[in-house]
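Worksheet: one structure, shown below.
The values are calculated or read from the model by the stated rules, or taken from the named source; none is laboratory data. The shown structure was predicted, so the numbers you read here are calculated from the model rather than taken from an experiment. Please note: Cβ atoms are built from the backbone with ideal geometry, for glycine as well, and neighbour counts cover all protein chains shown.
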Amino acid sequence: MTILLATFTFFTVIYLMNLFIGLLNLAIDDYNKEEEFLLQKAQIIMEIEIFYMLPWQRNNNKWFPDWIYYDIPVTEIRKLINAIDNEQTVFNYPPIISEKLRKLVVLTNEEEQNNKLEKQIEQTKDEFTKQNVELKQHIKEELTKQNVELKQQMERIMKYIGIEQDNENEEEQDNKEQDNKEEQDNELEQIEQTKEELPRQNVSLKQQMDKLSQQMENIMELLKKN
């Protein structure tokens, strides 16, 4: 029994320790914020200045000047002032916000801001629609102009092509006529050449006939002698 009790207590302690560690991690994740760290740091510094510093140290202007200037975006100032007005901050001593600062920041209600934004959005939508309509009309006009110009150019090109074809046909006809003339001239030259060659051929034929007749006579004489 003692062994069972010892093991039970041992494992229950380990289980509870792990459970507490997990809960502590969750709590740290929830409270691990820079704002809370800065608030706690400011509280500690305030306590040191009030309770642990001498009067001459607190009255030193180099350590504690009357005015401190630093840069901060306007949007963050607006958020902070709205949070202070709506009691959404955790300040032990809430800061004093002057009217000049409010006028400079130009604080407005959320409804007014939303209305202004909606009006601006509607105006921008109307402007965009007008611009789209104008662009469409302009594009249509340009397309029609381009189509007309293209048609005119095509007609000009077709006319030019037709003229070139006519010129080519005329050139072909001229070339054919020239070829026919050249052929006729060549035929006439050949005929004249044949006319000139015919008497020569006749003379040569006569000479050959004479030779043949002599040969025949010689052959006949030889036959008679035999």
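Structure notes:
- From the list Leu5, Leu38, Leu23, the lone residue that is modelled with pLDDT of 85 or more and loosely packed, with under 11 Cβ neighbours inside 10 Å is Leu23.
- Flag if Thr129 is within 30 Å of Ile81 (Cβ to Cβ), modelled with pLDDT of 75 or more and either assigned to a helix (DSSP H, G or I) or in contact with a Phe, Trp or Tyr (Cβ under 7 Å, 6 or more places away or on another chain) (or both): no
- Residues being part of a helix (DSSP H, G or I), at pLDDT 75 or above and among the acidic types (Asp, Glu) - total across region 71-122: 5
- Within region 41-61, if we keep just the residues that are hydrophobic (A, V, I, L, M, F, W, C) and assigned to a loop (DSSP other than H, G, I, E, B), the residue that is surrounded by the fewest Cβ atoms within 10 Å (Cβ to Cβ) turns out to be Leu54.
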